[in-house]
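Engineer: There's a structure below that I have some questions on.
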Amino acid sequence: MKKVIGLFTFLCVMLLFSCSGTQSNMTSPDGKISVELQTDSLQVLRYIVKKGAEVVLEPSALGLVMSDADYSKLEVAKISGKREVNGTYTTPAEKKLNNSFKANEWDVTVRNPEGKQMLITFHISDNGVAFRYVFDETSENEKTIEKEITSFKFPSAAKAWLHPHDDVKNCWAQTCPSYEDNYITDVPVGTQAPKLAGWSFPALYKSGESWVLLTEAGLEPTYCGTRLAQDSPDGEYFIEFPQKGETVKPTDPITPVSKLPLRSPWRVIMVGKLSDIVENTMVTDVSEPSRIENIDFVKPGRAAWSWGIEKDNSVNYDRQKQYIDYASSMTWEYVLVDVEWDKRIGYDRMQELIDYAKSKNVGLILWYNSSGDWNETHYTPKSALLEKDARRAEFERVSKMGVKGLKVDFWPGDGPSAIQYYYDMMQDAADYKLMLNFHGTTVPRGWSRTFPNLMTLESIKGFEFITFTQETADLAPQHCATAVFARNVVGPMDFTPVCFGEIPGIERRTSNGFEIALTVLFQSGLQHYVEIPESMAKQPDYVQEYMKHVPRVWDDLKLIDGFPAKYAVFARKSGDKWYVAGINAETTVKSLDLDLSSLGIRGDGSMITDGDTNRTFSQKTVTLDNGKLRVEMQPNGGFVIVF
């Protein structure tokens, strides 16, 4: 009789306790995405993600190792009943101003061979899966998480579009990692990363009929930022912790060290059609709600910026005053004053500029160097924000002067102390009603929901790199057509687009039609345009008028057509207008039949595209035929249409 009972118990465990009323199959609200759990022969707990009947992720590992407990071998002890979750929230700096979501959640209690328990929470929506590890009990002693066992196992035929992660201090002035590389595109899963640091989040894959984007969200200072390991044997990608040196101080730990309770970041797996990836809001959906009560000071906008083309010597009183006039004439909200303004202009004359800008209805954003001694950068103001008292004093000073925001550059990496530094700065800046733009920085992880004053992050090989080398300029079309399907999906991206003129010493490969399309394709809460006043003045009146009225915030987003690294056509809505924009990253003419019927457009549209050469424009009126429109894009060209 005991043997019969034992066998019955074993079968119940294999069925994940379905015999006791718990769920053996966790599904999305529409029932199309499902997660199954199983334990392999080595007692590793694995999860499988399906889209319908198709296996999108094959059995992938769950678990972690703490200094005092090994959770790499697990069995399911209990699965809670389904919990329906939903919510609405506002994100001024993100792809949609107003957001809503619904999902199903389960708490899976697991235990290791010693009987110690851990919780894994699964959040499953109609376009993806998220899960995180949870220790809700309290402890007096600090716990160290030494590594995660978490993996993502793709079918062998899957392809990947991946961003190589830089090894710590392995670039100019030891400022790496800063998520600033070109994507490696359309490679077989299992391809080894070129550097020890592995692959960055987000990571994009094509698995069977589905697209998958991996990233993380809800990262708190009790944890570290993570990435994917260099090696992915048989298409299995593993979570990797930061390298030594990615911390504020050399002695700071690089792995999570914290008293309990402790929660890992959400491991986010977006799943579906390519449009489900582009339009996905899971990163902010699962992140913590706003910690700022009054966000009236948070005002997205467009900014003029001299440094992109003109570099250090443009940071002087007279030239910045000209940029203020430029921004005012273009009805743009801001001017970004970049490096060494404290030396080249000074606080007293900066006050004069701020007052002048205010008279022109323009706000100023000032550049700061975040770094202490973790890199060798020399640009100032440096280290003014490192210590809390000094940081708050500086925030109080510039806030009283009338500064609207700060661009903070050169961050140390993804160690817990660096994450704490981000949080401290976001909170302190909010206290003094300052917006933030992080550069030389980690990738977005939903923080702009928790701190809506975080307007944008670089974490992209942006336009400035095009001005450095011809190789980067040559790769720019492909790079841009990849970033819209990967990096910009997970949060605002300060690429600093739109150059119609020439770049000193560099031949720009993108056409003017391509450049103007980026005003719609690239999303950022603060959108810094690199175009200089003299070049803008040479453009046709209709181009200047368009640039004056590009929306500051967006209400909706739709992917119309595209393929990573090849081409992209997006539609964004602001008020009662739809903006449809496309880029062609290939070297041949591309003709597309666009289906815009889902947008509900009525009336004609005004199209700006390439002219006779890639440095000229043309304009025409377009009319939909039952919601359809045929467009032609020149090599490395593009267009924008306003309906």
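Since every read-out is calculated from the coordinates, none of them should be taken as a lab result. Values in this document were obtained by computation on a predicted structure and should not be read as measured data. No Cβ is skipped: glycine too gets one built from the backbone with ideal geometry, and neighbour counts run over all protein chains shown.
Engineer: Which of the peptides 559-567, 387-395, 126-134 is most tightly packed, and how do the rest follow, going by the mean number of other Cβ atoms within 10 Å of each residue?
Structural biologist: On the way: 559-567: 19.4, 387-395: 14.4, 126-134: 22.8.
Highest to lowest by the protection proxy: 126-134, 559-567, 387-395.
Engineer: Pairs of alpha-carbon atoms within less than 8 angstrom and 6+ residues apart define the contacts here; what relative contact order does the chain have, in percent? The partial results should precede the final answer.
Structural biologist: Working: 1681 pairs, mean separation 77.2, N = 643.
Once normalised by length, the contact order is 12 percent.
Engineer: Subtract the Cα-Cα distance of Y542 and T380 from 0.36 nm times their separation in residues, and report this length gain in nm to one decimal. Before the final figure, lay out each step's value.
Structural biologist: Working: separation 162, 0.36 × 162 = 58.32 nm, distance 3.94 nm.
Result: 54.4 nm gained on full extension.
Engineer: Kindly put Y326, Y379 in sequence by how many other C-beta atoms sit within 10 Å of each C-beta, fewest to most.
Structural biologist: Working: Y326 22, Y379 18.
Neighbour counts put them in this order, fewest first: Y379, Y326.
Engineer: Can you compute the FRET efficiency between F297 and A53 using 1/(1 + (r/R0)^6), with r the Cβ-Cβ distance and R0 = 45 Å? Round to the nearest 0.05. Present the calculation step by step, with values, prior to reporting the outcome.
Structural biologist: Numbers: r = 50 Å, r/R0 = 1.11.
So the FRET efficiency works out to roughly 0.35.
Engineer: Going by amide H atoms built from the backbone, whose H comes under 5 Å of the H on H528, apart from near neighbours?
Structural biologist: So H528 has HN proximity to A303, T496.
Engineer: Between K244 and D136, what is the label-point separation in nm under the 7 Å Cα-to-beta-carbon projection?
Structural biologist: 3.9 nm
Engineer: Which residues does the label zone of K311 cover in the range 322-363, counting backbone N under 13 Å from a point 7 Å along Cα→Cβ?
Structural biologist: Backbone N within reach: none found.
Engineer: Compute the Cα gyration tensor for the range 413-549, then decide on rounded, prolate or oblate, letting a ≥ b ≥ c be the square roots of its eigenvalues: rounded whenever a/c is under 1.5, prolate when a/b is larger than b/c in the other cases, and oblate in all that remain. Could the numbers behind the result be given before it?
Structural biologist: Numbers: a/c = 2.27, a/b = 1.66, b/c = 1.37.
Prolate.
Engineer: Another question, then. Taking R0 as 30 Å, what FRET efficiency do you get between D593 and N98 from their Cβ-Cβ distance, rounded to the nearest 0.05?
Structural biologist: Working: r = 32 Å, r/R0 = 1.05.
Efficiency computed from Cβ-Cβ geometry: 0.40.
Engineer: Calculate the length of the line joining the C-alpha centroid of the range 411-465 to that of the range 185-215, in whole Å.
Structural biologist: About 25 Å separates the Cα centre of the range 411-465 from the one of the range 185-215.
Engineer: Skipping prolines and chain starts, which residues have an amide H placed within reach, meaning under 5 Å, of the one on G272, given they are 5 or more residues away or on another chain?
Structural biologist: Sorted by chain and number, the residues that satisfy this are W211.
Engineer: Same structure, new question: Would you mind putting 576-582, 521-527, 235-241 in packing order, based on average other-beta-carbon counts within 10 Å, highest first?
Structural biologist: Details: 576-582: 20.7, 521-527: 26.0, 235-241: 22.3.
Most protected by this proxy first, the peptides run 521-527, 235-241, 576-582.
Engineer: Can you return the lysines within cross-link range of K195? Criterion is Cα-Cα under 27 Å, with same-chain partners fewer than 8 residues away left out.
Structural biologist: Cross-link targets: K147, K153, K159, K169, K206, K244, K249, K461, K566.
Engineer: Sequence gap at least 6, Cα distance under 8 Å: using those rules, report the relative contact order of the range 545-593 to the nearest whole percent.
Structural biologist: Values: 59 pairs, mean separation 13.4, N = 49.
Here the relative contact order equals 27 percent.
Engineer: Quick one: 3J(HN,Hα) in Hz for the range 334-349, Karplus 6.51/-1.76/1.60 with θ = phi - 60°, rounded, Gly and Pro as x.
Structural biologist: 9, 10, 9, 9, 8, 4, 6, 4, 5, 8, 7, 10, x, 5, 5, 6
Engineer: Here is a further query. Gap in Å between the Cα centre of the range 92-164 and the Cα centre of the range 582-603?
Structural biologist: What the calculation gives is 37 Å, centre to centre.
Engineer: Using amide H atoms built 1.01 Å from N in the peptide plane, name the residues 5+ places from G405, or on other chains, whose amide H lies under 5 Å from its own.
Structural biologist: For G405, whose amide H was placed from the backbone, the distant partners under 5 Å are L366, M435.
Engineer: When only Cα pairs under 8 Å and 6 or more residues apart are kept, what is the percent relative contact order across the range 2-285? Display every interim value, and only then the final one.
Structural biologist: Details: 695 pairs, mean separation 47.8, N = 284.
Contact order relative to length: 17 percent.
Engineer: Quick one: 3J(HN,Hα) in Hz for the range 122-127, Karplus 6.51/-1.76/1.60 with θ = phi - 60°, rounded, Gly and Pro as x.
Structural biologist: Taking θ as phi minus 60°, the curve returns 10, 10, 10, 10, 6, 10 Hz for the range 122-127.
Engineer: Determine ³J(HN,Hα), in whole Hz, for all residues of the range 561-566 in sequence, where each value follows from phi through the Karplus function 6.51 cos²θ - 1.76 cosθ + 1.60 and θ = phi - 60°; x replaces Gly and Pro.
Structural biologist: Each residue's phi maps through the Karplus curve to give 6, x, 7, x, 6, 10 Hz.
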